[in-house]
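Reading through the structure tokens given below for one structure.
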Ligand SMILES: *[C@@H]1O[C@H](CO)[C@@H](O)[C@H](O)[C@H]1NC(C)=O
Ligand SMILES: *[C@@H]1O[C@H](CO)[C@@H](O)[C@H](O)[C@H]1NC(C)=O
């Protein structure tokens with residue numbers, strides 16, 4: 001009958017002990033973290049066995065777009081990162097780097113860390129959206145040390161895709177084609193250049209449009225459906241240097257459809273993919289002229305197949321999970337990038 005009291009008393013005492021222990025651990029951890037970073041209490045399963053490896057603590061200030069994912073599986077070749085990743089803001093004071101995903105904090109500058117920054121901590125600005133869709137860049141003025149974006153001149157370059165030498169000699173076969181031109185679009189802005197261009201193009205060639213208010217396309221079917229098309233309109237939502245998204249990498253190249261691109265100039269694309277792997281709308285004086293070129297390719301298989309010659313030497317890589325991007329940050333931080341500050345992000349991110 002007297003059981004409840006001692007139990008709850010005991011419970012409080014245990015709780016007190018645990019709290020004390022945690023406080024001590026955090027204290028010790030903080031105190032030593034700069035000279036001995038291997039004293040890290042919790043590890044992800046990607047924790048390397050090499051005990052001498054110095055582990056950096058990387059805090060995800062937010063989950064990008066609220067998407068939660070396991071912090072333990074990096075895709076090759078970014079696997080085995082020697083970092084402790086966490087989304088728990090309790091680690092703020094001892095984190096070596098805080099990764100701030102722009103779109104999650106851009107509605108109010110109170111969403112970026114308000115607590116004074118511990119000495120030596122990097123603030124990494126992470127963003128994969130184009131400047132047209134990245135409001136309030138001035139929130140970051142005099143706040144960040146490293147940039148992480150699709151821009152190739154970022155401190156940490158996180159493109160939507162890239163090509164790799166096809167070393168395993170994977171034989172690429174052009175998928176069987178039964179359709180002509182496809183376009184998948186979710187953000188339908190009637191004033192955008194791409195929607196206006198499509199409005200012209202469709203008068204001269206059949207274009208199957210998928211997405212919001214158009215033909216249905218389930219995410220898991222995307223590549224299979226698009227692979228049946230000879231051409232895919234990889235039209236970017238806005239035109240900016242290096243802003244070349246999954247529309248090119250996944251929808252076109254991974255599906256085995258020839259990309260017809262609308263985005264930055266041809267030279268910009270050629271920094272990332274072979275000149276003979278895509279068709280650029282700027283190569284034509286009008287949508288009508290582009291349409292007649294596509295018709296011509298449709299009738300001449302030899303000429304059409306030339307758009308796949310590059311596949312004997314290279315293969316496209318795309319669809320990296322979010323976490324792999326954070327693994328890249330880990331690898332970059334281990335290389336001790338120059339610790340600097342970028343006073344006006346908006347002057348660079350245009
Ligand atoms: C098809 O294209 C090839 C390669 O450009 C060209 O040599 C050939 O003459 C074309 N055939 C026809 C029928 O136009
Ligand atoms: C990192 O950026 C902040 C804000 O600009 C700056 O105060 C800090 O000195 C920077 N770190 C270094 C050492 O460059």
Checklist entry - Could the peptides 74-80, 312-318, 56-62 be put in order, highest first, of the mean number of other beta-carbon atoms found within 10 Å of their residues? => result 56-62, 312-318, 74-80
Checklist outcome for this item: With R₀ set to 56 angstrom, the calculated FRET efficiency between the beta-carbons of residue 80 and residue 203, to the nearest 0.05, is 0.55
Checklist entry - Quick one: length gained pulling residue 188 to residue 219 fully straight, 0.36 nm per residue minus the C-alpha distance? => result 9.4 nm
Next on the checklist: Explain nothing, just the number: relative contact order of the stretch 163-317, from Cα pairs under 8 Å at least 6 residues apart, as a whole percent.
Outcome noted: 29
Item to check | For the stretch 53-123: relative contact order, % (alpha-carbon pairs under 8 angstrom, 6 or more apart) | outcome: 41
Checklist entry - When N counts the residues of the stretch 163-317, how does its alpha-carbon radius of gyration compare numerically with 2.2 N^0.38 Å, as a ratio? => result 0.98
Next on the checklist: Between the stretch 201-251 and the stretch 58-95, what is the separation of their alpha carbon centroids in Å?
Outcome noted: 31
Checklist entry - What's the FRET efficiency of residue 341 with residue 67 using the Cβ-Cβ distance as r and R₀ = 22 Å, to the nearest 0.05? => result 0.15
Item to check | Antiparallel DSSP beta bridges within the stretch 163-317, as percent of all bridges there, nearest 5 | outcome: 15
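Each value in this text was obtained by applying a stated rule to the coordinates, not by laboratory testing. Here the structure is a predicted model, which is why all the values come from computation and not from measurement. No Cβ is skipped: glycine too gets one built from the backbone with ideal geometry, and neighbour counts run over all protein chains shown.
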